[in-house]
There are 4 protein chains.
Amino acid sequence: MKYENTAVLLMSCDDKDGIVADVTALLARLGANIVYLDQHTDRDNKKFFMRVEWDLENFSIALNDFKTIFTYESAKKFNMSWELYESANRQKMAIFVSKYAHCFFDIISRWKIKEFEVDIPLIISNHEDLQKEAQRFDIPYFYIPISKENYEEQTQKQMELLQKYEIDFIVLARYMQIISPKMISIYKNRIINIHHSFLPGFPGAKPYHQAFERGVKIIGATGHYVTQELDAGPIIEQDIQRVNHKYSVDDLIAAGRDIERRVLARAVGAHIQRKILTDKNRTVVFS
Amino acid sequence: MKYENTAVLLMSCDDKDGIVADVTALLARLGANIVYLDQHTDRDNKKFFMRVEWDLENFSIALNDFKTIFTYESAKKFNMSWELYESANRQKMAIFVSKYAHCFFDIISRWKIKEFEVDIPLIISNHEDLQKEAQRFDIPYFYIPISKENYEEQTQKQMELLQKYEIDFIVLARYMQIISPKMISIYKNRIINIHHSFLPGFPGAKPYHQAFERGVKIIGATGHYVTQELDAGPIIEQDIQRVNHKYSVDDLIAAGRDIERRVLARAVGAHIQRKILTDKNRTVVFS
Amino acid sequence: MKYENTAVLLMSCDDKDGIVADVTALLARLGANIVYLDQHTDRDNKKFFMRVEWDLENFSIALNDFKTIFTYESAKKFNMSWELYESANRQKMAIFVSKYAHCFFDIISRWKIKEFEVDIPLIISNHEDLQKEAQRFDIPYFYIPISKENYEEQTQKQMELLQKYEIDFIVLARYMQIISPKMISIYKNRIINIHHSFLPGFPGAKPYHQAFERGVKIIGATGHYVTQELDAGPIIEQDIQRVNHKYSVDDLIAAGRDIERRVLARAVGAHIQRKILTDKNRTVVFS
Amino acid sequence: MKYENTAVLLMSCDDKDGIVADVTALLARLGANIVYLDQHTDRDNKKFFMRVEWDLENFSIALNDFKTIFTYESAKKFNMSWELYESANRQKMAIFVSKYAHCFFDIISRWKIKEFEVDIPLIISNHEDLQKEAQRFDIPYFYIPISKENYEEQTQKQMELLQKYEIDFIVLARYMQIISPKMISIYKNRIINIHHSFLPGFPGAKPYHQAFERGVKIIGATGHYVTQELDAGPIIEQDIQRVNHKYSVDDLIAAGRDIERRVLARAVGAHIQRKILTDKNRTVVFS
């Protein structure tokens, strides 16, 4: 459920007794009306994760003051990593595309119907193909072709645009170019990619061809945060579809489009709603 | 995850601020190592539900004393309905069958491999068909044929057996007879039935024939608690399978067996692990 | 798989021995390179259904001549109902919408990426809400508000537009008005509706509210041909999504949008590719 | 659908025009009442596959004579590989197990309810654990422990048992030992294994631990024919289940049991009904 005017607190730390009691008691003392609480304990690795969301309407203090209090009352005690967000602060999302339009259209349509409550200040592409489609929706489209020769210079251009437009996070909607290490480092856990296979099966190029050759009976797609290692970042969401011997490679590609669309959409949706915590190479995605 | 020696506390009440803080603080004061905590707030109906499970090994007080303390510290304050269980107390499960063996075999095999940690003191049937199969597993089998004429007398016999064997809950593994109102009333939310359709579609008799006639493209099964109204009790679990025009009624029945097996197994598993709370005609099934 | 320049023959008749041999032998004699053949025998009702598609490039005779030959060689012999289509003939699809945009955007984007190879000469709506969105894609949008008072007159206007633009089939993309009996009769098995529940569960209005009240664990959507009886026409496609107690009515509606999108898209895709035969109130949907 | 007294003809050859017409015409001339016909053309590799099943009750000639006629009329003409089976001939199935009982129980229960119409002359195991369970069902159980030292000798014993009991095909129901190359060669495409991951992801040992480490959101299982290369044989069936961060390794293992059960059951069922053709490392599994 989406709430209008709330604060979201994401925490993680080593597991100890009493964390939930501590945090919820603090919020109760400050008059927070909690609208969402979920926590997870990874018993194998003794790690604790929590997401709390509360209504700001009757909250007794300013969020900046809350940060101070929370730091001293709870965060230091449990040696927490934590982030605090206001749902009212719309995030700025950049979309990177190449030639395929299906994920692009899907994201745009979710934005138009306000399923994704973000701003989309720009689209960046290494091809001109989708320029006209971007124009239909009045979104600035920057064509930045990339080759081995101009890679440094062009990825630098990308970085400048992201900075200029104050981009919060990036969606790679079937963008077929390697993201620069610098961008990955600056946008850690803030670049979402859709890989067109059920990872770790068929990483790399042409996964549907690989799936056809291997004769699998189910194909899939994977939404993940981008890390330096290709197709190996923390998985946010996956989904699949049953196929059979009748599917040619083209049929797999067509069926795959639908999986890619919905997997990417769910991953982006979870990110927008601050539902995701990462731990090493794994994610906690609160429901 | 299943734990060896834990207490499970299930609570529900009208939603108010501070319930989680209150309960977790009490448990923290008493030295409980919480291994599971999940809660749910139904905002439309302003109801709160919670399940907490903690390790009893280092718990500072006896469970009976905890009950007293919890009653005065939390339950009365929030006007809670609550139940407390010890995971070490094995429940006694009765199985009712008729002629179909697939759900019976599935439950028995999950019990044999200790997925279901319960005792099965008896099987009750209105047919003799599965007597030999019950004997293979050394489970007493009571053949209680039921007709319109002997209904009162025979359901009374059933009740006596359930009492004699101190049965905690009942699984209707494709048992094709109406359960007596008295038994339903005594075993409220403790009789689990598997209905062989995706309710509310196709209630009543011959759902696969109905599904064939209607030409549906997906069939399903529903595990639910039994109430006086036929096939209308609180739904615990549902699952489905895709079918197509090639499926004859017999094919639907065969495909349905697999759905029935796993839906019933999941519903029974959730019940055994005290994961289910009911509210009016709906369930909260904690994961 | 989609083919460039093919003929599609759809047949149904009472089941008899030798139909496949008869039809395939005729096509072989005429030099047809068959690229698709699937058939289905409904043994319960003794009905036969078949879909054959062949390459027209090296086909020895004109399709009109084939019709004559097929009529005398096969169709009369087996008393067949049959239809013949050329894949090169693009169909004209009308879209009816009301206020919800998600199915509209999904269909348009599939059309833009050439997944749906049809023409869309017009959009008809009883609301003005999506006019601007239609304009983005340069599709004529006819706003025809409908009330009890003007129903006859306005549905007559709809019919005139359909005739004027020579519409082959109609997609109701969450169009929230009763289609006129006359239109249903003229466009028999050519009006595709998406109902936002897993039929036959929750027909009629507000199915997600009904689903919430009943506490189902899975929700669905149904794509079907429109008949006079509401939500009771031949089912083309269904799909579902697992939900749980955490889903409010709004969450169900949001999750449902994704199911509606893909179910309607698959139903429309099957219709465009001439994959559907109807028999009484059931469909044969070839894969 | 299963038929009582039928013949099943499985064919594959290079794709040419007129194969369906040729075979169906021959069967029509001989008075065959075809109850099942499905064919598949792999256009990329130009290969043709077909499965035809017909009622033997009124078939005009003996099956042996049919073989002769078919060889000369059709098989030679198209250079076919083909197999002919009588559904009335019950196959003899050996089950190999180690310590896990869930797949074992599942297969046995499907055999008891006549979903699998085969004989099970023996069970072979490298452990004693399931001996008592086999006895419950009166199936001979051969305990053949295997170590590096006795591998040759013990796999030879296995081969002798298979020969003595005239085993047609083998089901590895979570059998945790390498099958001998000789057995693989003799029982080519007749040894069915269940691998507890969604291949090609996580081959080899401890796939659930690998899945946990990688943080996948879906786990799966794969039923495949055994070849010399480990976990790389032709895939018959796969299925999956959605998981999330709450799943410990033990939870993945428990959830996986259900997937393994149904995937293995479907693979075995397809094999029993002669629905599978293999081509290089891929399968055609007719529905």
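Quick rundown of the values:
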read-out	value
Identity of the residue in segment C:35-62, in contact with a Ser or Thr (Cβ under 8 Å, 6 or more places away or on another chain) and in a loop (DSSP other than H, G, I, E, B), that ends up nearest to C:Ala7 (Cα to Cα)	C:Leu56
Members of segment C:13-34 that are part of a strand (DSSP E or B) and open to solvent by less than 20 Å² (accessible area, probe 1.4 Å)	C:Cys13
Residues satisfying the stated conditions in segment C:170-186, i.e. under 17 Å from C:Leu130 (Cβ atoms), touching a Ser or Thr at 6+ places or on another chain (Cβ under 7 Å) and open to solvent by less than 40 Å² (accessible area, probe 1.4 Å)	C:Arg174, C:Tyr175
Residues located in segment C:32-58, provided they are among the small types (Gly, Ala, Ser) and within 14 Å of chain B (Cβ to nearest Cβ)	none
Pair list, Cβ under 9 Å, 6 or more apart: segment D:186-206 residue within 18 Å of A:Pro207 (Cα to Cα), other residue modelled with pLDDT of 95 or more and basic (Lys, Arg)	D:Leu199/A:Arg214; D:Pro200/A:Arg214; D:Gly201/D:Arg214; D:Phe202/D:Arg214
Complete set of residues in segment A:245-277 that are more than 9 Å from every other protein chain (Cβ to nearest Cβ) and among the polar types (S, T, N, Q)	A:Gln273
Selected residue (only one of B:Phe66, B:Phe78 is in contact with a helix residue (DSSP H, G or I) (Cβ under 7 Å, 6 or more places away or on another chain), touching a residue at least 40 places away in the same chain (Cβ under 8 Å) and farther than 26 Å from B:Leu161 by Cα)	B:Phe78
Hey, C:Ala134 modelled with pLDDT of 95 or more, closer than 27 Å to A:Arg257 by Cβ and either of a type outside the set (A, V, I, L, M, F, W, C) or not in a loop (DSSP other than H, G, I, E, B) (or both) or not	yes
Conditions (1) modelled with pLDDT under 95; (2) surrounded by 18 or more Cβ atoms within 10 Å (Cβ to Cβ): number failed by C:Glu57	(2)
Residues of segment B:197-216 satisfying the condition of being outside any helix (DSSP H, G or I) and within 27 Å of the chain's Cα centre (by Cα)	B:Ser197, B:Phe198, B:Leu199, B:Pro200, B:Gly201, B:Phe202, B:Pro203, B:Gly204, B:Ala205, B:Lys206
Any hit, segment A:268-277, residues being at pLDDT 95 or above, surrounded by fewer than 24 Cβ atoms within 10 Å (Cβ to Cβ), outside any strand (DSSP E or B) and on the phi > 0 side of the Ramachandran plot	yes
Residues located in segment B:140-169, provided they are open to solvent by 90 Å² or more (accessible area, probe 1.4 Å), of a type in the set (D, E, K, R) and not in a helix (DSSP H, G or I)	B:Lys148, B:Glu149, B:Glu166
So C:Gly220, is it part of a strand (DSSP E or B), touching a residue at least 12 places away in the same chain (Cβ under 8 Å) and crowded, with 22+ Cβ neighbours inside 10 Å	yes
Among residues of segment C:228-251, those that are closer than 19 Å to C:Val171 by Cα, touching a helix residue (DSSP H, G or I) at 6+ places or on another chain (Cβ under 8 Å) and crowded, with 19+ Cβ neighbours inside 10 Å, counted	5
Selection within segment A:192-208 - at pLDDT below 95, touching a helix residue (DSSP H, G or I) at 6+ places or on another chain (Cβ under 9 Å) and more than 14 Å from every other protein chain (Cβ to nearest Cβ)	none
Within segment D:225-244, considering residues that are part of a loop (DSSP other than H, G, I, E, B) and within 8 Å of another protein chain (Cβ to nearest Cβ), the one nearest to D:Arg274 (Cα to Cα)	D:Pro234
Near pairs, Cβ below 7 angstrom, 6+ apart or cross-chain, from segment D:16-45 (at positive phi) to any residue that is among the polar types (S, T, N, Q)	D:Gly31/D:Asn58; D:Gly31/D:Ser60
Every residue from segment A:77-122 that is out of contact with any strand residue (DSSP E or B) (no Cβ under 9 Å at 6 or more places or on another chain), of a type in the set (Asp, Glu) and surrounded by fewer than 22 Cβ atoms within 10 Å (Cβ to Cβ)	A:Glu115
Selection count, segment C:123-139, where residues are out of contact with any Ser or Thr (no Cβ under 7 Å at 6 or more places or on another chain) and crowded, with 20+ Cβ neighbours inside 10 Å	5
Any hit, segment B:17-34, residues being closer than 18 Å to B:Asp279 by Cα and either in contact with a Lys or Arg (Cβ under 8 Å, 6 or more places away or on another chain) or not β-branched (Val, Ile, Thr) (or both)	no
Selected residue [of a type in the set (Val, Ile, Thr) and within 13 Å of chain D (Cβ to nearest Cβ)] from C:Ile61, C:Ile69, C:Ile19, C:Ile95	C:Ile19
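The values are calculated or read from the model by the stated rules, or taken from the named source; none is laboratory data. Everything numeric here is computed off the predicted structure, so don't read it as measured data. So basically every Cβ, Gly included, is an ideal-geometry build from the backbone, and we count neighbours across all protein chains shown. Ligands, DNA and RNA are excluded from the accessible area calculation, which covers all protein heavy atoms including side chains. Shrake-Rupley method; radii C 1.70, N 1.55, O 1.52, S 1.80 Å.
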